[in-house]
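Contents: one structure, followed by commentary.
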Amino acid sequence: MRIEIRSDSVVIEGYVNAVGRDSRPLRDKQTGNRYVEQIVPGAFRRALTRNEVKLLLNHEDSRELGSTESNLELCEDSIGLRARAEITDAEVIKKAREKKLRGWSFGFYERDAREETMSTGMKRRFVEDMELAEVSIIDEKKMPCYEGTSIETRAEGKELVISEIMETRADYVMETRKKKEIDYKNYRKRIEELEEN
């Protein structure tokens, strides 16, 4: 996550999720069995053609910061879902100045998935199609322990899956500094490793 603090706004960009990457072990609410989950390349690209995606703070509907119709840009590339947002919300700007913003997260409704059994006996689910409902900026209140962690919650009778990818640090940049190029070779290396397996 890269955070550029300006006088009256903050620009936040980075990867929301790296496709083809296992989540932490999750527990199926119906069976109680544990599984891991991956978003299949192309799933975000298809989802982005269907509907407006909200930008929230901490998955809170009451803290809408914008959407793909206004200040949120989303695209899927060879690494995953990349986001860029310019936010003028005073609370978010304050949290950025205090270095309290931690990463990105997203909420989706599964449309299609397949699964396989891993050598450990645990299932691996591959989300092949989804309805992307929202992308959230996560602050210090929601710091998952592992990269790629996921939480599940109920919403309107459907299963809303909230997945988070946390980078090890956020790069804060003041408006007067020269923009820093982001090095994505670790993401690319990980995707190449996953494709070999």
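The values are calculated or read from the model by the stated rules, or taken from the named source; none is laboratory data. Nothing here was measured: the structure is a model prediction, and the numbers come from that model. Methodologically, a virtual Cβ is constructed for each residue, glycine included, from the backbone with ideal geometry; neighbour enumeration extends over all protein chains shown.
Things worth noting here:
- Scoring Glu13 on the criteria (1) surrounded by fewer than 21 Cβ atoms within 10 Å (Cβ to Cβ); (2) part of a helix (DSSP H, G or I); (3) under 13 Å from the mean Cα position of the chain (by Cα) leaves a single failure, condition (2).
- Residue in region 18-33 that is more than 24 Å from Val127 (Cα to Cα) and in a loop (DSSP other than H, G, I, E, B) present: no
- Any hit, region 82-97, residues being β-branched (Val, Ile, Thr) and surrounded by fewer than 16 Cβ atoms within 10 Å (Cβ to Cβ): yes
- The set of residues in region 1-10 being part of a loop (DSSP other than H, G, I, E, B) and under 13 Å from Glu86 (Cβ atoms) consists of Arg6, Ser7, Asp8, Ser9.
- Within region 37-59, the residues that satisfy the criterion of being hydrophobic (A, V, I, L, M, F, W, C) and surrounded by fewer than 19 Cβ atoms within 10 Å (Cβ to Cβ) are Val40, Leu48.
- Considering (1) at pLDDT 50 or above; (2) closer than 30 Å to Asp61 by Cβ, the lone condition that Ser119 does not fulfil carries the number (2).
- Residue check, Ile39 in contact (Cβ under 8 Å) with a residue 12 or more places away in the chain and over 14 Å from Gly107 (Cβ atoms): no
- Remark: pairs (first residue in region 131-144, crowded, with 18+ Cβ neighbours inside 10 Å and acidic (Asp, Glu); second residue at pLDDT 85 or above and outside any strand (DSSP E or B); Cβ separation under 6 Å; 6+ apart in sequence or on different chains) = Asp139/Lys95; Asp139/Lys100.
- Tallying residues that are outside any strand (DSSP E or B) and either more than 23 Å from Arg102 (Cα to Cα) or modelled with pLDDT of 95 or more (or both) within region 36-59 yields 14.
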